[in-house]
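One structure is given below, encoded as C-alpha cells.
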Amino acid sequence: MVRLAVACAGTWAAALASRSSASVQAAPGPTPDIPQPQTPSHEAFIERAFEMRRRAVGAGDQSYGAIIVKENRVVGLGPSRVVTNGDPTAHAEMEAIRDAARRLGSRDLSGCVMYSTSRPCRMCEAAAYWANVSRLHHGQSGTDAGPPRYGGC
C-alpha cells in the first residue's frame, strides 16, 4: 500500500512538474508586445493599472486591473477575468502575476512591483508573497502597501 502511494505521488509530481515548466517557459523574457510608457514613472504605472481596469470593464468583467513592473518596464498585465473566464481566481492581480511569470519564464518575480487599482485581497497578496514581488502599490494615488504579506489581516 505504501509503495503504491509513493509510486502514484512520484508519477503525479513528475506530470505536474512537466506541465508547470512547459506552461511557464512558453515565452521566456519580456516580450515587445507590451507597450511601455513614454516616461516610466509611478504615475504612469498607476495609469496603466487603471487601463487594465477599463479593459476588464469593456470586456464585461469586474472593475479591477493590475500590472507588474520590473526595472521600470511593464512585464505583466492583468485585467480582471473572473466573469469572462468563469474563474473565481482570475483576479486582476493573479492575472498580472501569471502573465509576468510566463513572460519572464520564471515564477520568481523578485525585484518586481505590483500596481493595482485597489488593495489586493488576501489570495492575491499571498500569491504576490509566494512570487517574491517586492512591493505593492494600489489605488488612484498609488498608496505604497509595502511588501506583500502572507496571512493575517
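For Ala59, the stated conditions hold: it is modelled with pLDDT of 95 or more and more than 16 Å from the chain's Cα centre (by Cα). Of the residues making up segment 37-75, just one is charged (D, E, K, R) and within 15 Å of Arg119 (Cα to Cα), namely Arg53.
For segment 55-75, filtered to residues that are assigned to a helix (DSSP H, G or I) and out of contact with any helix residue (DSSP H, G or I) (no Cβ under 7 Å at 6 or more places or on another chain), the residue that is farthest from Tyr129 (Cα to Cα) is Gly58.
One line per residue, one yes/no per condition, for (1) of a type in the set (D, E, K, R); (2) surrounded by fewer than 22 Cβ atoms within 10 Å (Cβ to Cβ):
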position	(1), (2)
Arg73	yes, yes
His91	no, no
Arg103	yes, no
Cys112	no, no
Tyr115	no, no
Arg122	yes, yes
Ala126	no, yes
Ala145	no, yes
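Only one of the numbered conditions (1) among the aliphatic types (A, V, I, L, M); (2) at pLDDT below 95; (3) open to solvent by 60 Å² or more (accessible area, probe 1.4 Å); (4) part of a helix (DSSP H, G or I) is not met by Ala26, and that is (4).
Of all residues in segment 128-141, those that are surrounded by fewer than 18 Cβ atoms within 10 Å (Cβ to Cβ) and part of a loop (DSSP other than H, G, I, E, B) total 5.
So, in segment 76-89, exactly how many residues are surrounded by fewer than 23 Cβ atoms within 10 Å (Cβ to Cβ), assigned to a loop (DSSP other than H, G, I, E, B) and in contact (Cβ under 8 Å) with a residue 24 or more places away in the chain? Within segment 76-89, residues that are surrounded by fewer than 23 Cβ atoms within 10 Å (Cβ to Cβ), assigned to a loop (DSSP other than H, G, I, E, B) and in contact (Cβ under 8 Å) with a residue 24 or more places away in the chain number 2.
The values are calculated or read from the model by the stated rules, or taken from the named source; none is laboratory data. Bear in mind that the values here come from a model prediction, so they are computed numbers and not experimental data. Because the Cβ atoms are built from the backbone with ideal geometry, glycine has one as well, and the counts that use them run over all protein chains shown. The protein model used for the area step is the full one, side chains on, heavy atoms only, and it has no ligands, DNA or RNA in it. Shrake-Rupley method; radii C 1.70, N 1.55, O 1.52, S 1.80 Å.
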